[in-house]
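Have a look at this one.
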Amino acid sequence: KVCAFLTSSAVDLVRRGSADSTHVQPLEPLTQLMTDFMARGGTLYACTPCVKARGYTQADFIDGVVISGASVIHERLLTGAASLSF
């Protein structure tokens, strides 16, 4: 199981329509990459404080995004999950 925990301005990328114009060659458009990631079982988490600071609600995000605190990542790390941050 793979997940991405989005913080700070990264939560802006998962708002409905915001990634539609993001396309870095030779990759697929960002919207397609996110859709494929979730279709294959990946989970996108949006940091609760980051979401609240911007005044967003669940309705602002693409389907499948989960608003959650950092505890979801901490639990995985405590049980031995690998982590990549950039």
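What list of ³J(HN,Hα) couplings, whole Hz, do you get for region 46-60 from phi and the Karplus terms 6.51, -1.76, 1.60, once you set θ to phi - 60° and write x for glycine and proline?
3J(HN,Hα) across region 46-60, in whole Hz: 10, 4, 4, x, 5, 5, 5, 4, 9, x, 7, 10, 4, 5, 6.
Hey, any idea what % of region 1-48's accessible area is carbon plus sulfur with a 1.4 Å probe?
That fraction is 55 percent.
With only alpha-carbon pairs counted, each pair once and no self-pairs, how large is the Kirkwood hydrodynamic radius of the chain in angstroms?
Evaluated on the chain, it is 13.6 Å.
Quick one: which residues, 5 or more positions from Phe61 or on another chain, have an amide H under 5 Å from its amide H? H modelled 1.01 Å from N in the peptide plane, none for Pro or chain starts.
Arg16
Out of region 3-51, which trypsin sites (Lys or Arg not before Pro) are coil in DSSP terms and have no more than 15 other C-beta atoms within 10 Å?
Arg16, Arg40
Could you pull out every residue, at least 5 positions away or on a different chain, whose amide H is within less than 5 Å of the one on Ile67? Hs are placed 1.01 Å off N in the peptide plane, and Pro or chain starts have none.
Correct list: Ala46.
The values are calculated or read from the model by the stated rules, or taken from the named source; none is laboratory data. Model, not experiment: these values are computed from the prediction. Don't worry about glycine lacking a Cβ; one is built from the backbone with ideal geometry, like all the others, and counts go over all protein chains shown. The area values use the complete protein model at the heavy-atom level, side chains included, leaving out ligands, DNA and RNA. Shrake-Rupley method; radii C 1.70, N 1.55, O 1.52, S 1.80 Å.
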